[in-house]
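Following: one structure in structure tokens, then a few remarks.
Every number here is computed from the coordinates shown, using simple stated rules; none is lab data. Quick caveat: nothing in here was measured; it's all calculated off a predicted structure. Cβ placement follows ideal geometry from the backbone for every residue including glycine, while neighbour counts extend to all protein chains displayed.
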Amino acid sequence: MKSIVSLLAALLLPMAAFAQQGAVRYDATIKLDIQLPPGMEEMAAQIPDSQTSGRMLYFTEAATLMKDAPKAESDDDGPIEIGGDNFQFRLDNRRPEQETYISLEDGSMIDKREFMGRKFRVMDQTPEYSWRLTGEQSEYMGYAMMKAVGQRDTTVVEAWFTPDIPVSAGPDGMGGLPGLILVASVDEGRRTYTATSVDLEMSVAGMITPPKGGREVTREEFDAIVEEKMKEMNAQRSGSGGMRVMIRH
């Protein structure tokens with residue numbers, strides 16, 4: 001009888017482990033690349049060097065959806081009033097809308113995002129990282145955590161994931177680890193994601209659907225559109241000595 005129970009437990013444990021669904025709220029922080037003409041140091045001091053906004057990750061064992069979270073006090077992506085002795089202006093610090101759907105079954109990804117007032121649906125595959133476990137362990141929000149370092153092209157990610165939630169997913173399309181990523185740092189803190197709440201009781205299956213609307217493009221097509229627009233803006237700004245504030249995603 002004992003051997004039968006052990007066999008049943010071995011068979012049922014993987015099924016129970018992967019029968020996971022829920023939602024995670026992250027604080028997503030992006031460093032701002034601020035470039036000002038000489039003599040505007042006083043104004044530069046009024047501009048924050050980072051931006052934090054809330055992001056929600058809804059997940060099942062089959063798919064994930066990441067989108068903007070309801071506004072919270074910790075968010076600082078509202079407009080910024082900047083002024084000097086002779087003039088004042090308002091800086092739009094709003095993070096562009098972004099909604100990312102990932103199929104964990106085939107690795108396909110639909111990344112709906114806003115750029116220069118236009119909406120696009122970028123059809124792509126989930127980024128593949130080359131992960132290395134460091135052996136470091138910790139505890140966060142009551143979950144056992146393990147650290148891994150991953151690389152994709154020139155991007156380096158330090159991630160803390162929990163085997164307690166055995167879903168191979170995380171923020172910003174991250175995945176490929178034997179557990180959900182709750183904390184991550186990209187390129188030495190250029191972007192960071194920190195889970196602030198985890199809800200494993202929420203029924204999210206009906207909420208995880210591919211985003212609709214916007215112009216459908218490939219990743220290569222979208223990157224080309226962004227590059228062309230940035231060249232146009234740089235050409236218009238060339239020689240003007242104007243202020244430049246860039247949010248590097």
With the label point 7 Å along the Cα-to-beta-carbon line of A224 and a cut-off under 17 Å to each amide N, the hits in the stretch 103-125 are 120-124
If R₀ is 25 angstrom, what is the calculated FRET efficiency for the pair M233 and Q125, using the beta carbon separation as r and rounding to 0.05?
0.25
Under 28 Å from the Cα of K67, which lysines turn up, not counting those fewer than eight places away in the same chain?
K31, K112, K119, K147, K212, K229
Between the modelled labels at E114 and K212 (7 Å from Cα along Cα→Cβ) the distance in nm is 2.0
For I110, I225, what ranking results if the residue with the fewest other Cβ atoms within 10 Å of its Cβ goes first?
I225, I110
